[in-house]
1. Out of all the residues in segment B:398-409, which are open to solvent by 30 Å² or more (accessible area, probe 1.4 Å) and free of Cβ contacts under 8 Å to residues at least 60 places away in the same chain?
2. Checking B:V215 against (1) β-branched (V, I, T); (2) under 16 Å from B:S276 (Cβ atoms); (3) open to solvent by 10 Å² or more (accessible area, probe 1.4 Å), only one condition comes out false. Which one?
3. Answer yes or no as to whether A:A59 is open to solvent by 50 Å² or more (accessible area, probe 1.4 Å), over 12 Å from A:A165 (Cα atoms) and out of contact with any Lys or Arg (no Cβ under 8 Å at 6 or more places or on another chain).
4. For segment A:32-64, give me each residue that is in contact with a Gly (Cβ under 7 Å, 6 or more places away or on another chain) and among the small types (G, A, S).
5. Sort out which residues of segment A:143-186 are among the aliphatic types (A, V, I, L, M), facing another protein chain (nearest Cβ under 9 Å) and in contact (Cβ under 8 Å) with a residue 60 or more places away in the chain, and write them in order of number.
6. Assuming A:S209 fulfils every condition listed in (1) open to solvent by 10 Å² or more (accessible area, probe 1.4 Å); (2) at the interface with another protein chain (Cβ under 7 Å from one of its Cβ atoms); (3) modelled with pLDDT under 85 apart from one, which condition is it?
7. Checking the structure you have, find out if any residue of segment B:26-42 is at pLDDT 95 or above and of a type in the set (S, T, Y).
8. Does B:G201 satisfy being open to solvent by 20 Å² or more (accessible area, probe 1.4 Å), small (G, A, S) and free of Cβ contacts under 8 Å to residues at least 12 places away in the same chain?
Amino acid sequence: MTTILLSAAAARGLLDTISVLLLAVVLCSLLVYQLDLAIALLAVQGGLLTAAAGIVALATGSGHGYLAAALTLAVKAIAVPVMLLWVLQRAPVRFEQQPVISRKLALPLAVGLILFSYFATGSLVAPEGYLTANTLPAAVAVLLLGFFTMLLRRKALSQIVALIAMENGLYLAAVIATRGLPLAVEMGVALDVLIAVAVMGWVSNYLGSTFQSLDVDRLRALRG
Amino acid sequence: MFLIALLGLPPLTAVLCRAFRAPSVIASIHALGGFATLCLGLVVVGRVFADGPVTAVGASVYVDQLSAVLIAVIVVLDFAAALYSIGYLQREVQSGAVPVSQLPWYYCGYHTFIWTMLVTVSVNNLGLLWVAVEATTLVSALLVGFHRTPAALEAAWKYLILCTVGIVIALFGVLLTYYASTRLTAGESGLDWTVLMAHAGQLDPGIMRLAFVFVLIGFGTKAGLAPLHNWLPDAHSQAPSPISALLSGVLLECALYAIFRFHMLASIAVPGGFSSRALVTLGLISVSVAVPFIVVQRDLKRLLAYSSVEHVGLIATAIGLGGSLGLYAGALHLFNHAIAKALLFFVAGNLTQRYGTTRMSRIRGVVRAMPVTGSLLLMGMFAITGLPPFAIFLSEFGIVGAGFAQGNWLAVAILIVALGIVFAAAFGHALDMAFGRPRTSLEKLTFPRLRGGALAIPAGLMVLLGVYMPPAFNSALQQVAGLLASGPR
């Protein structure tokens, strides 16, 4: 019943490339301050993850894999960016002002994080299945870079974008380490991501109308 | 059968609450839904403790004794908070803090929130457990921000972002667990609790150790374990009081439940008691970090929130210390903390609405102004600080005793010092509020009787369990302790 359309070796090579590309895109979005561009880069990440899931599906020939790829396309590449653009249209801000630290400082720190991920995960698991020289380190680096980006952002919307990037790193790790999570879990996670973006968009919308800016630095009333 | 009904009822109630407009109709549906959930929940719990674990829908729903304790806590507090919500919201609408049009949303969100917690503790698959925990965050964040004041929105935002980051980290732990298990059981059921537990001894120790670290950080954020508790005092103090009661009393413990599941796996898979030590460490840190904030606190609801950090730490410490005494005391404390904290948040709700503030310096002379609420405030504060004859005294005594039994003198020392300071501080705050001289005269305000009924549930349970331990309850706790010690039987 299952037809395998892609050899394991080819899949390994392609996944390796996609992981590096994803890492590059996430690194770019660390340096991007325009919110619409950041959302576009998020859609690109979604596209790359769809490709990764699709390659695994082609190589394993499992129906589950194709479904997972379709789900990723619908949620990560289309629905989430569209929802965020919708929030952006109603938001009073268009780009990230007054960065916490400058790009000149952020870039070397980010490179440091990437080197750390290669160093830390390189020896963790033996190369097997789709775990190659780049896949797992890149996935962990994406997770860390997403977190790092979050720390550097003041606007609520950019924090959401960074959070989804973190989750993307995790998704890549799931695809390569275990060929995705069980289908029910994957659908649940996708649903959660959708609802999370909707709820966060909704709250940030109210933040916008209450504080007249989506600047989370103003959220300082609650202390002690 | 009952289990399916239990999981189906809250979403049904949620939809019905949204479907009607008249506040009295919605309130009746809401109360009936809460009562039916309580009855079904208690039937399920009774069956599990009488006949062992129950499964439904193939094996995708699995309720064992540990889940049953949590279900009992959820349904009891659900019913109490449901009754309390009605009167609380009536008053909020009267005072203009909440528009009538928002009421259906509140009740709809309330039952959805209960549902996500029930799902959390009854799914078999640890991945779906993760999905359910994230769903609790999303639903309850909307309830935290329900008042839409700047402070409430700030709290909701902080809660959403910090807990979601935490939970993404936990997902990495879940993924590692799946990775460890797919190497053994080539199949999709590799995250099912029953499957994992059957193979727990063969899981790769290195991977499981790492998985537990990620799970502890991730779900620990959600459970409010220090130093990952930053969001907690904001969210728990800004939410409407009945929701605060559920957040502090139940939701934190649902997150602990998730940690305990992975702890049970890790304690079999990773030799050397790694996960126990990690739990004790984080637990003790939480207890110690909460103490100074309790001492200097000026806001009543934040005081209660920091006390939750302390008690979550106590439960984690108890389970980490282990031994039959520690596990028994931990399970008992889970239950005790839930009812005591619910009572106190209800009392805080009454006081906030009466005095129009949560600042303790302005809440004075409660015993004279509101005799019933005032006495319950004193009772609740005495109970939460571990004064006999209330039930928390027994469980805290048991936890310290477990420290002695395990020879963990550092834990014993930290616990005794921390509990002593908290006792003195909370006692002082309580006496000031109860007997202090009021600064301003108060407007006349009487609360409807239903609200008193809501307070009577946790207050009654607290007194009862302090003086008399029903044999069935005792045997249930022993079953839970046995399960935590040895895995499913």
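1. Answer for segment B:398-409, where residues must be open to solvent by 30 Å² or more (accessible area, probe 1.4 Å) and free of Cβ contacts under 8 Å to residues at least 60 places away in the same chain: B:F404, B:G407, B:W409.
2. (3)
3. Spelling it out, it is not the case that A:A59 is open to solvent by 50 Å² or more (accessible area, probe 1.4 Å), over 12 Å from A:A165 (Cα atoms) and out of contact with any Lys or Arg (no Cβ under 8 Å at 6 or more places or on another chain).
4. Those that are in contact with a Gly (Cβ under 7 Å, 6 or more places away or on another chain) and among the small types (G, A, S): A:A53, A:A57.
5. Scanning segment A:143-186 gives A:A156, A:I160, A:L183.
6. So the condition that A:S209 fails would be (2).
7. Scanning segment B:26-42 turns up at least one residue that is at pLDDT 95 or above and of a type in the set (S, T, Y).
8. no
The values are calculated or read from the model by the stated rules, or taken from the named source; none is laboratory data. Predicted model only: the values in this text are computed from it and were never measured. Note that each Cβ is placed from the backbone with ideal geometry, even for glycine, and that neighbours are counted across all protein chains shown. Note: areas computed on protein heavy atoms with side chains; ligands, DNA, RNA excluded. Shrake-Rupley method; radii C 1.70, N 1.55, O 1.52, S 1.80 Å.
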